[in-house]
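Participant: Okay, handing you the structure first.
The values are calculated or read from the model by the stated rules, or taken from the named source; none is laboratory data. Just so we're clear, the structure is a prediction, and the values are computed from it rather than from any experiment. Here the Cβ positions follow ideal geometry from the backbone for every residue, glycine too, while neighbour counts run over all protein chains shown. These accessible areas exclude ligands, DNA and RNA; they are computed on the full protein's heavy atoms, side chains included. Shrake-Rupley method; radii C 1.70, N 1.55, O 1.52, S 1.80 Å.
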There are 2 protein chains.
Amino acid sequence: MKIDNIDLSSYPNSEKIYVKGSRPDIKVGMRKIHQYPTVKIENGKRVEYPNEDITVYDTSGPYTDPEIIIDINKGLPRIKESWIEERNDTEILPDITSMYGRMRRDDKSLDSLRFPVAHKPRKAKEGKVITQMHYARKGIITPEMEYVAIRENLDNERRGIKTYITPEFVREEIAAGRAIIPGNINHPEAEPMIIGKAFSVKLNTNIGNSALSSGIEEEIAKAVWSCYWGGDTLMDLSTGDHIHETREWIVRNCPVPVGTVPIYQALEKVDGDVRKLTWEIYRDTLIEQCEQGVDYFTIHAGVLREHAELVEKRLTGCVSRGGSIMTQWCVLHNEESFLYTHFDEICEILNKYDVGVSLGDGMRPGSTHDANDRAQFLELEVLGRLTEKAWAHDVQVLIEGPGHVPINKIKANVEKEMDVCHEAPFYTLGPLTTDIAPGYDHITSAIGAAIIGTLGTAMICYVTPKEHLSLPTLADVREGVIAYKIAAHAADLAKGFPGANVRDDALSKARYDFRWKDQFNLSLDPEKAKRYYLESRRDAPDADDRFCTMCGPNFCAMRISQNIADECEKSKL
Amino acid sequence: MKIDNIDLSSYPNSEKIYVKGSRPDIKVGMRKIHQYPTVKIENGKRVEYPNEDITVYDTSGPYTDPEIIIDINKGLPRIKESWIEERNDTEILPDITSMYGRMRRDDKSLDSLRFPVAHKPRKAKEGKVITQMHYARKGIITPEMEYVAIRENLDNERRGIKTYITPEFVREEIAAGRAIIPGNINHPEAEPMIIGKAFSVKLNTNIGNSALSSGIEEEIAKAVWSCYWGGDTLMDLSTGDHIHETREWIVRNCPVPVGTVPIYQALEKVDGDVRKLTWEIYRDTLIEQCEQGVDYFTIHAGVLREHAELVEKRLTGCVSRGGSIMTQWCVLHNEESFLYTHFDEICEILNKYDVGVSLGDGMRPGSTHDANDRAQFLELEVLGRLTEKAWAHDVQVLIEGPGHVPINKIKANVEKEMDVCHEAPFYTLGPLTTDIAPGYDHITSAIGAAIIGTLGTAMICYVTPKEHLSLPTLADVREGVIAYKIAAHAADLAKGFPGANVRDDALSKARYDFRWKDQFNLSLDPEKAKRYYLESRRDAPDADDRFCTMCGPNFCAMRISQNIADECEKSKL
């Protein structure tokens, strides 16, 4: 397989750099954007003033490192393997554990679809817990913690920007449950990253085929593509054929943490018949995915039998796939959800691989009408109790959130989460602030995401323009990611996150200087910015004009403004 | 001329309706969207439950009325003319007043560009003031006030939704200066609309050619197009050739109020040489445009000589075209701005035609770095004093606002405006909440617009994806308008504006019912929603499937959710 349908050359005048940590194998990838000098005419002479390089957070992993030759049939370099090994608390298993995993492995008909390299799974040694939360609580600063501290700070230190983020601070936040570093020991290819309200707001992207469309190659391309544009984590929501094989390809080639919703696959295993779902099938699915390297699982363990009645009262019922499956299961069996009753066992599986649990909001509102209703808040209270349980097992926790919420109800939503879930990182889908714009829900929800991010949500789950309508294409993934990078960054600026304004100020200065190329290169999507500019400047595509076609040459406020500065200067003489 | 490059058929299953007022000539156009019935299978039988029509605010004027034959060479019906005439406080002038207007009229070389019908200008009779504010303060409820009250309420009364908006309430808000109905007596084609924080949030669109591009036909198409998609007012920011003639075409064919920035044209009249600008040229320009029918003028009268120094200290100087022109004028002449010194005279001109003044924010920040700085707030204080002056002349006032503002500074910005400008309606450009996304500034700014709208901003000025890069195309206008309809509507929902949720709830119900066509038809952009849906359903384009390709048939939460409701129902039997 190859990924030749995506163009990874949209960041001109940029360089992949690595910032080194306390040991040689901590090398944090970042992107450095070079700038052109500011040109001024002084006393009739052309004078150049250099502009600093700008370092930006980089989620693209080795895909933008020209030194690394990527072969997706082999997978990415396993950068965390030595850290995991030297802790000496894990072991390589002789064979994969899950029944299903073995069955798929032994099915010759799948050979052509299979990822070519077989890695044996790694697991905590008997009696060991190996999660980042466990280490943090023991007072241990892991290489992962140091890595994310460096990553969050970019070059703040060099710039003299005061920051509170140290490896020790990272450790404290993880120990307190206010942040997580998702990182399955079976996904050593992923670069460490941190999710928590004290850190920059992260964005998750969703990919995955449904029964109707999308092949493996397309899904890998989407995964790489979403990392390239700025996705911090990636959820594989596949529900169609070959989920197991597709996931292997994605995990082995994904530089960011991968999440899944295991109930989807469990349901596929019983041919979509909710009645036939059992704890045993689900448990085997968890182990299967733990051993493939999934970094966090969405588990709708907060959906209880008693919630079913509340769903009936809603305008749009239950719009969470996992939530609706579990609610139906409870009603059909007239039993409490097996995810809830077996939650301790789930945690005991997860903490052997350091898989985080993302407590699903099965009762998230599917319309602004249903926002902040009893069903949603009751579930949130259950999630709070489950958080305590997970933490008792040193399992790292995220809390998933809405959905559709009008602006006036967002604050109450976040505050409720902070309160009942003890500040476990909130991870929200949008929220969409109105229901009336299918085709533009990346915008309806970027509004909500920026607001909820400002209020302390740690990670926002992107929405593409195709939400509610269709599976996103590559172009939609890019639109969705950029809309959410905007929301996340707007929230970082609003939170006063250390150094967040550096890129804004640099781009604004480039704009004021008419350094068009720098303006493009510093932007989230240089290719599009340049293309839009050139659409109206076909006559002089490379001209560094001191105006744009919006105002034309006579009405450029910025140019006039600079003339004023000159006039003021003169009048002082 | 004709407008044949725009498609005005994107609202299927919709009907133009008119709600009548207290007199037969008050007929308020709205769009009624019909819905299909909800189909259920009950006891093996197909049962249909009808769904109500949904009435939505309609800015498209006669362009969506199949009964009205539009000839843009003749202009739109002059629906307000009889109201104006019967007040008997205006007169038709024998000739146009402005020197420039006469000169253009007498220039035979312009005949081919000229709008074919010449209307004589109307003006207040000697000693009369004829603004809506004047009437409101006298306790008179005009047909315009009744019209907007009906327009804001849609069919709330029929639905039993409690509303506070009565014609008397409208009068009170206008008398207090908290709302305005822009409506030049020379633009009787425009449908009355109201801008104020007690009313639905409005959106302004900008069109206009620059020296580099765009012809008259293209600008008319953009004007109609922006009204069609939902623009509430329209600013013609042309700076290129034939501003006078272009404007005439636009005003005569525009069903919404038209605004301009007269200093642009004044500067064109002196060949772009700021030094040569004079009060006399500006004054003649005001009169020229008052008599053409411009409904509100952006006037940067708050930019004072003392502000020039503050501009120097900024990262991005002065980014307001009008503001930079006036600052430069002050510096070059070492004199106070003639817009400030002649402000009373300006008001005495405006109140003879009922042209509103939109006090320009020449010091609006051009980067998040410069937000809420001294230059901006000092100017805002001047605008507060000018507001008092304008109100003393019964001139209706808007206050223009930023610009680029990070989320954490938006609230302070609105509160400052409310305070120093005595709650005169705030009219903001965005604001953009980050500077790093050229090509996506409709999104960076829709975030800010939704937030500032929620906080009480009365009108938001759209930003297209081409902002900072190029003049918008028709496609960009549509994207910009929809992004801002989303922001405005999200703000209305958040404000709890009476009836705002009706459309959301209807669309959400249609979604839950799998009434795909209704879901499209109720959306802001039915054509795009449908197109996106069909992209992945080419096999069965008209099927009202009970799933979409996002989740596929087995994983549709909403369908499962409905099954749950059925199961719950059964278990009760």
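Results for (1) over 18 Å from B:Phe426 (Cβ atoms); (2) crowded, with 18+ Cβ neighbours inside 10 Å; (3) modelled with pLDDT under 95; (4) more than 15 Å from the chain's Cα centre (by Cα), shown as yes or no for each residue.
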{"residue": "B:Thr131", "(1), (2), (3), (4)": "yes, yes, no, yes"}
{"residue": "B:Pro167", "(1), (2), (3), (4)": "yes, yes, no, yes"}
{"residue": "B:Leu203", "(1), (2), (3), (4)": "no, yes, no, no"}
{"residue": "B:Ala211", "(1), (2), (3), (4)": "yes, yes, yes, yes"}
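Participant: Run down A:Glu219, A:Glu191, A:Glu146 and say which single residue is open to solvent by less than 50 Å² (accessible area, probe 1.4 Å), in contact with a Pro (Cβ under 9 Å, 6 or more places away or on another chain) and under 28 Å from A:Asp95 (Cα atoms).
Facilitator: That would be A:Glu191, the only listed residue that is open to solvent by less than 50 Å² (accessible area, probe 1.4 Å), in contact with a Pro (Cβ under 9 Å, 6 or more places away or on another chain) and under 28 Å from A:Asp95 (Cα atoms).
Participant: Given the criteria within 14 Å of another protein chain (Cβ to nearest Cβ), in contact (Cβ under 8 Å) with a residue 12 or more places away in the chain and open to solvent by less than 10 Å² (accessible area, probe 1.4 Å), does B:Leu267 qualify?
Facilitator: For B:Leu267, the condition - within 14 Å of another protein chain (Cβ to nearest Cβ), in contact (Cβ under 8 Å) with a residue 12 or more places away in the chain and open to solvent by less than 10 Å² (accessible area, probe 1.4 Å) - is met.
Participant: Moving on to the next point. Can you pull out the residues in segment B:520-535 that are closer than 22 Å to B:Gly480 by Cα and more than 26 Å from the chain's Cα centre (by Cα)? Walk me through how you get there before you give the answer.
Facilitator: The first filter runs over segment B:520-535 and keeps only residues closer than 22 Å to B:Gly480 by Cα, leaving B:520-533.
Within segment B:520-535, B:Lys530, B:Arg531, B:Tyr532, B:Tyr533 qualify.
Participant: Yes or no: B:Val261 within 15 Å of B:Ile207 (Cβ to Cβ), buried (at least 22 other Cβ atoms within 10 Å of the Cβ), within 12 Å of chain A (Cβ to nearest Cβ) and in contact with a helix residue (DSSP H, G or I) (Cβ under 9 Å, 6 or more places away or on another chain)?
Facilitator: So B:Val261 passes the test.
Participant: Right, another one. Consider A:Asp373 against the criteria (1) within 30 Å of B:Asp504 (Cβ to Cβ); (2) buried (at least 24 other Cβ atoms within 10 Å of the Cβ); (3) more than 23 Å from the chain's Cα centre (by Cα): it satisfies all of them except one. Which criterion is unmet?
Facilitator: It is condition (2) that A:Asp373 fails.
Participant: Need at least 2 residues that are at pLDDT 95 or above and farther than 17 Å from A:Gly439 by Cα per element, so show me which helices (runs of 4 or more DSSP H) inside segment B:461-537 make the cut, counting only ones lying wholly within it.
Facilitator: Because the criterion is at least 2 residues that are at pLDDT 95 or above and farther than 17 Å from A:Gly439 by Cα, the helices (runs of 4 or more DSSP H) in segment B:461-537 that meet it are B:474-495, B:501-512.
Participant: For a quick check of your reading of the model, give me the residue pairs whose first member lies in segment B:356-368 and is within 14 Å of chain A (Cβ to nearest Cβ) and under 18 Å from B:Leu304 (Cβ atoms), whose second is hydrophobic (A, V, I, L, M, F, W, C) and in a strand (DSSP E or B), with beta-carbon atoms closer than 8 Å and at least 6 apart or on different chains.
Facilitator: Listed pairs, sorted by first residue: B:Gly360/B:Ile299; B:Asp361/B:Ile399; B:Arg364/B:Leu429.
Participant: Among the residues of segment B:416-449, what is the count of those that are part of a helix (DSSP H, G or I) and under 13 Å from B:Lys197 (Cα atoms)?
Facilitator: Summing the residues that are part of a helix (DSSP H, G or I) and under 13 Å from B:Lys197 (Cα atoms) in segment B:416-449 gives 2.
Participant: Right, something else. Would you be able to say whether some residue in segment A:331-352 is among the β-branched types (Val, Ile, Thr) and modelled with pLDDT under 95?
Facilitator: Yes - at least one qualifying residue is present in segment A:331-352.
Participant: Something else: Can you list the helices (runs of 4 or more DSSP H) found entirely within segment A:73-169 that contain at least 3 residues being free of Cβ contacts under 8 Å to residues at least 40 places away in the same chain?
Facilitator: It comes to A:99-106.
Participant: Among the residues of segment A:318-329, is any touching a residue at least 24 places away in the same chain (Cβ under 8 Å), outside any helix (DSSP H, G or I), open to solvent by less than 10 Å² (accessible area, probe 1.4 Å) and on the phi < 0 side of the Ramachandran plot?
Facilitator: Residues of segment A:318-329 touching a residue at least 24 places away in the same chain (Cβ under 8 Å): A:318-329.
Next cut, outside any helix (DSSP H, G or I) only: A:318-320.
Subset that is open to solvent by less than 10 Å² (accessible area, probe 1.4 Å): A:318, A:320.
When the remaining residues are screened for being on the phi < 0 side of the Ramachandran plot, the result is A:318, A:320.
Yes, segment A:318-329 has at least one match.
Participant: Do we find that B:Gly293 is buried (at least 24 other Cβ atoms within 10 Å of the Cβ), out of contact with any strand residue (DSSP E or B) (no Cβ under 6 Å at 6 or more places or on another chain) and either under 21 Å from A:Ser561 (Cβ atoms) or among the small types (Gly, Ala, Ser) (or both) in this structure?
Facilitator: So B:Gly293 passes the test.
Participant: Test each condition in (1) free of Cβ contacts under 8 Å to residues at least 60 places away in the same chain; (2) closer than 15 Å to A:Thr444 by Cβ; (3) facing chain A (nearest Cβ under 8 Å) for B:Lys466 and report the one that comes out false.
Facilitator: (2)
Participant: Pairs please, first residue from segment A:424-440 and within 14 Å of another protein chain (Cβ to nearest Cβ) and farther than 22 Å from B:Asp505 by Cβ, second anywhere and aliphatic (A, V, I, L, M) and open to solvent by 10 Å² or more (accessible area, probe 1.4 Å), Cβ atoms under 6 Å, 6+ apart in sequence or on different chains.
Facilitator: Taking only residues 6 or more apart or on different chains, not a single pair turns up.
Participant: Return the residues of segment B:380-412 that are within 15 Å of B:Ser358 (Cβ to Cβ) and assigned to a helix (DSSP H, G or I); say none if nothing qualifies.
Facilitator: B:Leu380, B:Val382, B:Leu383, B:Gly384, B:Leu386, B:Thr387, B:Lys389, B:Ala390, B:Trp391
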